[in-house]
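The values are calculated or read from the model by the stated rules, or taken from the named source; none is laboratory data. Everything quoted here is computed from the prediction, not taken from an experiment. Cβ placement follows ideal geometry from the backbone for every residue including glycine, while neighbour counts extend to all protein chains displayed. In case anyone asks, the SASA skips ligands and DNA or RNA and just uses the protein heavy atoms, side chains included. Shrake-Rupley method; radii C 1.70, N 1.55, O 1.52, S 1.80 Å.
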Amino acid sequence: QVQLVESGGGLVQAGGSLRLSCAASGRAFSSYTMGWFRQAPGKEREFVGHISRSGDRTYYTDSVKGRFTISRDNAKNTVYLQMNSLKPEDTAVYYCAAGSFPSANYRDYADWGQGTQVTVSS
């Protein structure tokens, strides 16, 4: 339905920042709720946050509130995840996903990017 490609991951020291991008192809990017999830080795996929179709509403899991910010630019078909004050426990593969309504459940998102690795060293 929609193709998603994440970029911007890498290695950063604790306390540093990274900005992830998720570029979407397709004709109706603004019709999708966009979510961010992450998965560390041996752990379940974890919800990070989501943003509404227009970008005026966001929601975050407690562990990233005040540190992470989701935004979107519908004219560029791109959603962003700004990550500040990074901690080693933020280390994971980060995925963006497109859904029909706001949800913290990965099963409610039909289309996923390939993921980008974020590694935070102590």
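Remarks
- Residue in region 38-52 that is surrounded by fewer than 21 Cβ atoms within 10 Å (Cβ to Cβ), touching a residue at least 24 places away in the same chain (Cβ under 8 Å) and of a type in the set (A, V, I, L, M, F, W, C) present: yes
- Just one of the listed residues (R67, R72) is farther than 15 Å from L4 by Cβ and of a type outside the set (S, T, Y), and it is R67.
- Taken over region 93-111, the criterion of being assigned to a strand (DSSP E or B) and charged (D, E, K, R) is satisfied by D111 alone.
- When restricted to residues that are open to solvent by 40 Å² or more (accessible area, probe 1.4 Å) and farther than 23 Å from Q117 by Cβ, region 78-107 contains 5.
- Residue within region 56-71 that is part of a strand (DSSP E or B), surrounded by 21 or more Cβ atoms within 10 Å (Cβ to Cβ) and touching a strand residue (DSSP E or B) at 6+ places or on another chain (Cβ under 8 Å) present: yes
- As for region 72-87, it holds no residue that is touching a helix residue (DSSP H, G or I) at 6+ places or on another chain (Cβ under 8 Å) and either of a type in the set (G, A, S) or without any contact (Cβ under 8 Å) to a residue 40 or more places away in the chain (or both).
- Condition check for S121: in contact with a Lys or Arg (Cβ under 8 Å, 6 or more places away or on another chain) and not aromatic (F, W, Y): no
- One residue from K87, K65, K43, K76 being under 18 Å from Y106 (Cβ atoms) and basic (K, R): K43
- Looking only at residues in region 23-37 that are part of a strand (DSSP E or B) and of a type in the set (S, T, N, Q), the one that is modelled with the highest pLDDT is T33.
- Output for region 80-113, where each listed residue is more than 12 Å from the chain's Cα centre (by Cα), among the polar types (S, T, N, Q) and under 20 Å from A24 (Cβ atoms): S100, S103
- Test: residue in region 12-35 that is hydroxyl-bearing (S, T, Y), over 13 Å from the mean Cα position of the chain (by Cα) and open to solvent by less than 40 Å² (accessible area, probe 1.4 Å): yes
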